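The values are calculated or read from the model by the stated rules, or taken from the named source; none is laboratory data. Small disclaimer: the values here were computed from a predicted structure and weren't measured. Counting neighbours? That spans all protein chains shown, and the Cβs are built from the backbone with ideal geometry, glycine included.
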Amino acid sequence: MSKFQLNINPKSTDFDELGHINNVVYLQWVQDVAEAHWKNISGTDDDQINLWVALRHEIDYKKEIKPNEKVVAETWVASMEGVKSERMTRIFNPDNNQTKAEARTFWCLLDAKTKRPKRIPEDMKRLYES
C-alpha cells in the first residue's frame, strides 16, 4: 500500500517535565498523519460521507526525540477488511533514518450521517493501493 509522509517540528510545549515528548503528543501525531493521508487521497469533502474512528492504538517508543530535532511521520494502511482498517505509522529522523516510535492503529469506517459502521468500499481500498 502507498506510504504518506508528514514533516513534524516538535514544539517546546510537546516536551514533558522529564524532557521527553509527551505520550499524548505522539498519539496526536499518529492521528494527524492518518488524517492528512486520508485527505490527500480522498479529497477534503469526503468527511461528509465517511468518518473514521479509532478502535485501538499501540505505540512502541524506540528512541527519544531531542529539542530542535525534526522528525517525519510516515504512515500506510496495512490491511482493510469489512468495516476495519489497520494503519501503521513510523516516526523517524530523516537525517539518519533513526526510528523514534512505531504505531499500529485499528480504525473503523462510519457512515457520516448515521454514525454506524460501514463496510469499506472496494473503490476506497483501491485509493490506498496506488
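For the reader, a short list of remarks on this structure follows.
- Taking the stretch 33-130 as the region of interest, none of the strands (runs of 3 or more DSSP E) fully inside it holds 3 or more residues being in contact with a Pro (Cβ under 6 Å, 6 or more places away or on another chain) and under 30 Å from SER12 (Cα atoms).
- Verdict on ASN7 being at pLDDT below 95, over 13 Å from TRP107 (Cβ atoms), under 13 Å from the mean Cα position of the chain (by Cα) and not small (Gly, Ala, Ser): no
- Selection count, the stretch 1-26, where residues are without any contact (Cβ under 8 Å) to a residue 40 or more places away in the chain and not in a loop (DSSP other than H, G, I, E, B): 5
- Annotation: of all residues in the stretch 12-57 being of a type in the set (D, E, K, R) and modelled with pLDDT of 95 or more, the one that is nearest to ARG119 (Cα to Cα) is ARG56.
- Of the residues making up the stretch 71-130, those that are crowded, with 18+ Cβ neighbours inside 10 Å and hydroxyl-bearing (Ser, Thr, Tyr) are THR75, SER85, THR89, THR105, TYR128.
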